[in-house]
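Let me begin by presenting the structure, written as structure tokens, before commenting on it.
The values are calculated or read from the model by the stated rules, or taken from the named source; none is laboratory data. What you see is a predicted model; the values in this text were computed from it and never measured. Reconstructed Cβ throughout: ideal geometry from the backbone, glycine too, with neighbour counts over all protein chains shown.
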Amino acid sequence: MKSFGLDRRKLLGRALALGALGSLSGCDFDHPNHPDLADRFLRAMSDWNDEVQAALFDPRTLAPTFKPSQITRPPRFNAFYDISQAPQVDAATWRLALTGRIGDKRPWRIGQLRAMPRESQITRLICVEGWRVVGQWSGVPLHHFLRKVNADLRARYVSIHCADGYFSSIDMASALHPQTILALDFLGAPLTAPFGAPLRLRIPTKLGFKNPKSIVALGVTNTYPGGYWENQGYNWFSGS
Amino acid sequence: MAKRVPIHPLPLRIMHWLNAIAIVVLIGSGWEIYDASPFLPFTFPQWMTIGQWLGGAIAWHLAAIWLLMLNGLFYLGWGIASGHFRRKFLPLSPRAVLRDTAAALRFRLPHEVGVYNAVQRLLYLGVIALGILAVLSGLAVWKPVQLWWLSDLFGGFFISRVVHFCAMTGIVLFIAVHVLLVALVPRVLPAMITGGRLPEPDGREVRP
């Protein structure tokens, strides 16, 4: 259950103005498993906004692309921890685990991914906070990969788990978008640890936090997988 | 007994207060969202914002926007269909605006029950335009890829943010003047709740 971390005292004052939201029970805002009335209302509206965004999503609409001169330098690091804490993944022993509704679940080595056809893009990453950067990523289109491993393309979600414990999930329509890639390179060189080595999702039709880094597992499922930030209250679809 | 004609008809009163709720939530949560990545050398103090943190603020913002948009569409439809806009906001000439502005600044612009002076007409039409601008620029910030044409119209993602902020600033200034005038002429407030009553034909004002 999503929670929105609302402070009871602060909210109570506002509830006077909001009127309809006045009946706040003694539930604990700190526990996402015990959402109060305001949490339930916001959750319902966020779910509704997911549906609106899915309807608004056009698989043929491409995110804008940029010139090499427009690339943001130096690139901006962002995570829920400091850059020094970025996970160091040994590419030699790294494996991509596959779970859920996938026909061929044999784990992938980095060399196998590098042997796949690539797509390169200079696109803009917009953070949920409001800032944006332009970067160049190249990697395996996710729709190629999903077909290659015989995934159920009619399933609802693609879930991603990362070496640092981060996780997220996207809708299948966005997963099959031509600009959605499993990125191997950033700015013309293999990804470095802070920017998601050895493999990250790059999806320019969604906000930055939907681009998980240092992926260790990819799943296809019909059960809502949530996400690190999504479970704390960020809108799940978060399309651009 | 003569038929009671309210100063503000019931649909208008309902829409006014629904809009007030939506606007307060949108501005308070919008300030919290701005604070996550300010583009001017200041942030809004936490106590003035709604949502506690960015995730909560976005949730409130994208919930309240539905109330604002649906209520706003009803208002525009009702205002046009009922003739409210035509009767209350028109005619509006620059000369009348200048005349009434000069009078208002010298505190010589009397409040006429049920009639908007030229300054009021200009401000009400202006804030409606700002509301439409805020919704359009907000959509451009929300969906710069899917609504790329709207984003391009505003000059891209960042300028959309700036336009959205400017529209908010204009609406906040309107609210400041609006609330100040209610404080100066408090008898207009009950009429927006109960409806009030227009003056009798002989000119005597009948207090509700």
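To keep it simple, each residue is scored yes or no on (1) without any contact (Cβ under 8 Å) to a residue 24 or more places away in the chain; (2) away from chain B (no Cβ under 11 Å); (3) in a loop (DSSP other than H, G, I, E, B).
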residue: A:Arg40; (1), (2), (3): yes, yes, no
residue: A:Val52; (1), (2), (3): yes, no, no
residue: A:Ser84; (1), (2), (3): yes, yes, no
residue: A:Gln88; (1), (2), (3): no, yes, yes
residue: A:Ala92; (1), (2), (3): yes, yes, yes
residue: A:Thr123; (1), (2), (3): no, no, no
residue: A:Val133; (1), (2), (3): no, yes, no
Residue check, A:Thr72 against (1) surrounded by 17 or more Cβ atoms within 10 Å (Cβ to Cβ); (2) within 14 Å of another protein chain (Cβ to nearest Cβ); (3) of a type in the set (Ser, Thr, Tyr), all met but one. Which one?
(1)
Just to verify a result, which residue in segment B:53-65, among those that are within 8 Å of chain A (Cβ to nearest Cβ) and of a type in the set (Gly, Ala, Ser), is nearest to A:Asn231 (Cα to Cα)?
B:Gly55
Scanning segment A:208-240 residue by residue, those surrounded by fewer than 23 Cβ atoms within 10 Å (Cβ to Cβ), of a type in the set (A, V, I, L, M, F, W, C) and within 12 Å of another protein chain (Cβ to nearest Cβ) turn out to be A:Phe209, A:Trp229, A:Phe237
Let me spell it out: the conditions are (1) in a loop (DSSP other than H, G, I, E, B); (2) under 21 Å from the mean Cα position of the chain (by Cα), and B:Trp17 meets all of them except one. Which number is the exception?
(1)
Condition test on B:Arg99, is it over 20 Å from the mean Cα position of the chain (by Cα), surrounded by 15 or more Cβ atoms within 10 Å (Cβ to Cβ), over 25 Å from B:Asn71 (Cα atoms) and basic (Lys, Arg)?
yes
Within segment B:34-74, which residues are surrounded by 20 or more Cβ atoms within 10 Å (Cβ to Cβ) and aliphatic (A, V, I, L, M)?
B:Ile50, B:Leu54, B:Ala57, B:Ile58, B:Ala59, B:Leu62, B:Ala63, B:Ala64, B:Ile65, B:Leu68
May I ask you to list pairs of residues, at least six apart or on different chains, whose Cβ atoms are under 7 Å apart, with the first in segment B:38-52 being within 9 Å of another protein chain (Cβ to nearest Cβ) and farther than 17 Å from A:Trp131 by Cβ and the second being among the small types (Gly, Ala, Ser) and assigned to a loop (DSSP other than H, G, I, E, B)?
B:Gln52/A:Gly5
Quick check on B:Ala134: is it surrounded by fewer than 17 Cβ atoms within 10 Å (Cβ to Cβ), in a helix (DSSP H, G or I) and at pLDDT 95 or above?
no
Among the strands (runs of 3 or more DSSP E) confined wholly to segment A:162-219, which include 3 or more residues that are under 14 Å from the mean Cα position of the chain (by Cα), over 16 Å from A:Leu113 (Cβ atoms) and modelled with pLDDT of 95 or more?
A:167-171
Please pick out the residue among A:Leu218, A:Leu142, A:Leu201, A:Leu187 that is on the phi > 0 side of the Ramachandran plot, in contact with a strand residue (DSSP E or B) (Cβ under 8 Å, 6 or more places away or on another chain) and assigned by TED's automatic domain parsing to the domain that holds A:Pro107.
A:Leu187
Which numbered condition in (1) over 17 Å from B:Val145 (Cα atoms); (2) small (Gly, Ala, Ser); (3) in contact with a helix residue (DSSP H, G or I) (Cβ under 9 Å, 6 or more places away or on another chain); (4) surrounded by fewer than 20 Cβ atoms within 10 Å (Cβ to Cβ) is the only one that A:Ser169 fails?
(4)
Mind checking which residues of segment B:137-164 are in a helix (DSSP H, G or I) and basic (Lys, Arg)?
B:Arg161
Filter segment A:59-108 down to the residues that are among the basic types (Lys, Arg) and in contact with a strand residue (DSSP E or B) (Cβ under 8 Å, 6 or more places away or on another chain), then identify the one that is nearest to B:Asp152 (Cα to Cα).
A:Lys67
Out of curiosity, is B:Gly138 within 14 Å of chain A (Cβ to nearest Cβ) and touching a residue at least 40 places away in the same chain (Cβ under 8 Å)?
yes
Exclusive hit being farther than 19 Å from A:Leu218 by Cα and buried (at least 16 other Cβ atoms within 10 Å of the Cβ), set A:Trp108, A:Trp137:
A:Trp137
